[in-house]
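The block underneath contains the structure these notes are about, expressed in structure tokens.
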Amino acid sequence: MASPGESRRAELRASLGAVRARIAAACAAVGRDPAAVTLVAVTKTYPAMDVVALAELGVTDFGESRDQEAGAKVAEVERIQDGRAVDWHFVGQVQRRKARSVARYAGAVHSVDRAELVTALADARAAAGTGPLDVFVQVSLDGDPGRGGVPADGVAGLADAVATRPELRLRGVMAVAPMDADPDEAFARLAETSAALVARHPGAGAISAGMSGDLEAAIRHGATHVRVGTALLGRRPPVIS
Ligand SMILES: *Cc1c(COP(=O)(O)O)cnc(C)c1O
């Protein structure tokens, strides 16, 4: 199969239009420029052909959360795309032993939440020699370490560690809203954490926040990167792990 099926293409065109309209409306409501919000299409569990179809529709940034799946998909997209590049964002928890692999294909890692990962990613990037890797420090907004992220008071230390490594480029903060909580309250806290980080690292003003269910709230609170899966690609089957 050399190209995505026409009906899937039409489906993705419609869902992309709807997501872009939601982003535009959310930006308009608070007087922000939609061009300042990067849409990261989270394609986990979906095939390379969907990435290609979305890329043809103008999407440039794609997110994945598991290294094994992502590595294979990136290679397949590269084959199909024949040189037309897309940017890959790693948004899931990174195991240290996967850092070398992730650092090879990712342009950005949104989920850096501990010092050993800073070292592992920087060393891997140095070995790959492919230029700096964009890094977001993942902030835990719910105090549940199982879901990844550092508590807000751990952000400065981790950001300082990132900033010491020339192979990494500190972009800002990332978070997932707590389950069963008001996303506005959570993203308002994230905005405060972001402001404190910018006071310390002026170039690190990016905020990766907002998914299919809460992207409007994230945009209200300054998100520069929204990570959208379900609303673009459809409901994922439950992950069995
Ligand atoms: C899967 C995932 C998303 C996308 O979530 P949807 O609700 O499907 O839009 C965003 N961020 C992270 C970290 C994810 O793992």
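Table for the structure above
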item	result
When residues of segment 216-227 are limited to those that are buried (at least 24 other Cβ atoms within 10 Å of the Cβ) and either of a type outside the set (D, E, K, R) or at pLDDT below 95 (or both), the one farthest from GLY58 (Cα to Cα)	ALA218
Where PRO4 falls short, out of the listed (1) in a loop (DSSP other than H, G, I, E, B); (2) closer than 19 Å to ALA106 by Cα	(2)
Residue within segment 157-176 that is farther than 24 Å from LEU121 by Cα and of a type in the set (A, V, I, L, M) present	no
Segment 31-50: number of residues that are under 22 Å from PHE136 (Cβ atoms) and away from the ligand (no atom under 14 Å from the Cβ)	6
Residue identified as more than 21 Å from GLY107 (Cβ to Cβ) and in contact with a Pro (Cβ under 6 Å, 6 or more places away or on another chain) among ALA177, ALA195	ALA177
Among (1) in contact with a Ser or Thr (Cβ under 9 Å, 6 or more places away or on another chain); (2) surrounded by fewer than 19 Cβ atoms within 10 Å (Cβ to Cβ) - the single one LEU39 does not satisfy	(2)
Some residue of segment 111-131 being assigned to a strand (DSSP E or B) and either hydroxyl-bearing (Ser, Thr, Tyr) or at pLDDT below 95 (or both)	yes
Residue that is surrounded by the fewest Cβ atoms within 10 Å (Cβ to Cβ), among those in segment 96-115 that are hydroxyl-bearing (Ser, Thr, Tyr) and more than 16 Å from the ligand (Cβ to nearest atom)	SER101
All positions within segment 173-193 that are surrounded by 16 or more Cβ atoms within 10 Å (Cβ to Cβ) and either at pLDDT below 95 or among the small types (Gly, Ala, Ser) (or both)	ALA175, ALA177, PRO178, ALA186, ALA191
In segment 51-82, the residues that are over 22 Å from VAL226 (Cα atoms) and within 16 Å of the ligand (Cβ to nearest atom)	GLN68
Selection status of VAL176, in a strand (DSSP E or B) and within 16 Å of the ligand (Cβ to nearest atom)	no
Residue in segment 135-156 that is surrounded by fewer than 19 Cβ atoms within 10 Å (Cβ to Cβ) and over 27 Å from ALA99 (Cα atoms) present	no
Answer residue from segment 194-215, given it is crowded, with 21+ Cβ neighbours inside 10 Å and within 16 Å of the ligand (Cβ to nearest atom) and is nearest to LEU16 (Cα to Cα) among those	LEU215
Cross-chain or 6+ apart pairs with Cβ under 7 Å, segment 75-100 first and touching a residue at least 40 places away in the same chain (Cβ under 8 Å), then in a strand (DSSP E or B) and aliphatic (A, V, I, L, M)	HIS89/VAL40; HIS89/ALA108; VAL91/VAL42
Residue satisfying condition, being more than 17 Å from the chain's Cα centre (by Cα) and either in contact (Cβ under 8 Å) with a residue 12 or more places away in the chain or more than 8 Å from the ligand (Cβ to nearest atom) (or both), within set ARG227, ARG220	ARG220
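Matching residues to (1) within 16 Å of the ligand (Cβ to nearest atom); (2) within 30 Å of ALA24 (Cα to Cα); (3) of a type in the set (D, E, K, R):
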| position | (1), (2), (3) |
| --- | --- |
| SER140 | yes, yes, no |
| PRO166 | no, no, no |
| LEU170 | no, yes, no |
| ALA191 | no, yes, no |
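The values are calculated or read from the model by the stated rules, or taken from the named source; none is laboratory data. It should be emphasised that the depicted structure is a prediction, and the values quoted were computed from it without experimental measurement. A quick note on method: Cβ atoms are made from the backbone with ideal geometry, for glycine too, and the neighbour counts reach across all protein chains shown.
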